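J.: For reference, the structure I am asking about is given below.
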Amino acid sequence: MPKPVAEQVAVVVGASTGIGRATALAFAARGARVVCAARNAVALHTLVDQIRKDGGTATAVPTDVADPAAVRALADAAEQEFGRIDTWVNNAAVSIWGRIEDITDEEFDRVIRVNFLGQVHGVHAALPALRRAGGGVLIGVASVEGIRSVPLHAPYTASKFALRSFYDTLRIELAQSGDPIAVTTILPASIDTPLFEHGRSKIDAMPKPPPPVYAPELVADAIVAAAERPRREVAVGGAAVGFYLGQRLSPALTDALMSIRRLGAGSQQSDRPDNQLDNVDRPLGEPGQVRGTYSGRVLRRSVLTRVMSAAPRPGELLTAAVRRANARRAQATEGSGRPAGARSVPRRPVDSPAG
């Protein structure tokens, strides 16, 4: 079982604004020691100052997740500062709105490099550290757009589909090897974050979250809960039910509904002009904030999220049992002196004596 949150060291990647910032604040409020990472050093330092002012413990490590060496350096910095890592949260993301034919090859590459490969780099950096700590929790923030595609958001949607399948594979492999590392995928619905003001718009307007819209703190609470009680997937926001049902029952009917301009494209376009600013290629250098500028109603509670976070489902219990059995089998094999042959654990390089 994971440690209580108050005893944990948590790394939050993508902590400068929105869900990541709310998550770092929530971990700190529960007593965790928090390592805050993102490209925007200005926003990170305002975040750490806020946490320390409220009596928490945190440190900032500016990190570009598109650079695997920088993400490994983040893991090293966290271990050097606090001795170990118990929970790692992958959350960094950028976004572009526009028709597929209007989004360049380079823009697709950038979104996939940050949103998907950035989390792959995070997993590669986190797994050895979590093993050194004796186990822990890996949390990946995907989206309900990893369940159902929406128009005008193809690069982001594709990255979230990729993340969901990536974490499914990781979860299976860790259970097979018997590693005491849980994997939770978070699937937020529309959330009021600065993602929409910070995204790149090719739709002649500033993007907006389609209603119903939920508060970032709701996602942060789900992430902190998963750090202590991991679940396979946690959808945040009741609107996720529509994504699940539409994709499972009739994808073609959902395609038709999404093709209605008011329901698909129109629901993502605000009546405000685009601000001509974005953080796709580089950080904006702003001080950072949790909420965006959505002017409509923002929901602070979700029954669906509470239910999905409350108790493991039968399949999750079975996977956990298989993982424990595989762990016992691996220990017995190692104890007998026979080669385990299951996996190689990445280790830090050790200097060899000259000779």
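J.: Can you give the angle from 0 to 90° between the axis of helix 154-177 and the longest principal axis of the chain, with both taken from C-alpha atoms, to the nearest 10?
T.: So the inclination is approximately 20 degrees.
J.: Two decimals, Cα atoms only, Kirkwood Rh: what is Rg/Rh over segment 5-335?
T.: Result for segment 5-335 is an Rg/Rh of 0.96.
J.: Computed FRET efficiency, Cβ-Cβ of residue 318 and residue 241, R0 22 Å: what is it to the nearest 0.05?
T.: Once the sixth-power term is evaluated, E becomes 0.35.
J.: Right, next: Suppose R0 equals 51 Å. What FRET efficiency, 1/(1 + (r/R0)^6) with r the Cβ-Cβ distance, do residue 262 and residue 331 give to the nearest 0.05?
T.: The value I calculate is 0.30.
J.: Using a Förster radius of 25 Å, what is the FRET efficiency between residue 105 and residue 67 based on their Cβ-Cβ separation? Nearest 0.05, please.
T.: With a Förster radius of 25 Å, E is 0.75.
J.: Whole angstrom only: what separates the Cα centroid of segment 22-83 from the Cα centroid of segment 191-248?
T.: The two parts, judged by their Cα centres, are 22 Å apart.
J.: I've got another one for you. On a 0 to 90 degree scale, rounded to 10, what angle separates helix 117-132 from the longest Cα axis of the chain?
T.: Tilt relative to the chain: about 30 degrees.
J.: Still on this structure, I have one more. Using a 7 Å offset from the Cα along the Cα-to-Cβ direction at both residue 1 and residue 52, what is the distance between the two label points in nm, to one decimal?
T.: Those two pseudo-labels are separated by 3.5 nm.
J.: Counting only other residues whose beta carbon sits under 11 Å from that of residue 313, what net charge do I get with K and R as +1, D and E as -1?
T.: Here the charged neighbours net out to 0.
J.: Moving to a separate point now. Cα axis of helix 68-82 to longest principal axis of the chain: angle in degrees, 0 to 90, nearest 10?
T.: Roughly 60 degrees, rounded to the nearest 10.
J.: Additional query: Give me the percent of Cα-Cα pairs in segment 11-161 that sit more than 27 Å apart, rounded to a whole number.
T.: Value for segment 11-161: 23 percent of Cα pairs lie more than 27 Å apart.
J.: If packing is taken as the average number of other Cβ atoms within 10 Å across a peptide's residues, how do 204-210, 36-42 rank, most packed first?
T.: 36-42, 204-210
J.: How much length is gained if the chain between residue 249 and residue 76 is pulled fully straight, taking 0.36 nm per residue apart and subtracting their Cα-Cα distance, in nm to one decimal?
T.: Net length gain for the segment: 57.7 nm.
J.: With all distinct Cα pairs included, what does the Kirkwood hydrodynamic radius of segment 209-341 come out to in Å, to one decimal, could you say?
T.: 19.3 Å
The numbers here are math on the coordinates, done by the rules we state, and not lab data. All values reported here derive from a predicted model rather than from experimental measurement. Every residue, glycine among them, receives a Cβ derived from its backbone with ideal geometry; neighbour counts consider all protein chains shown.
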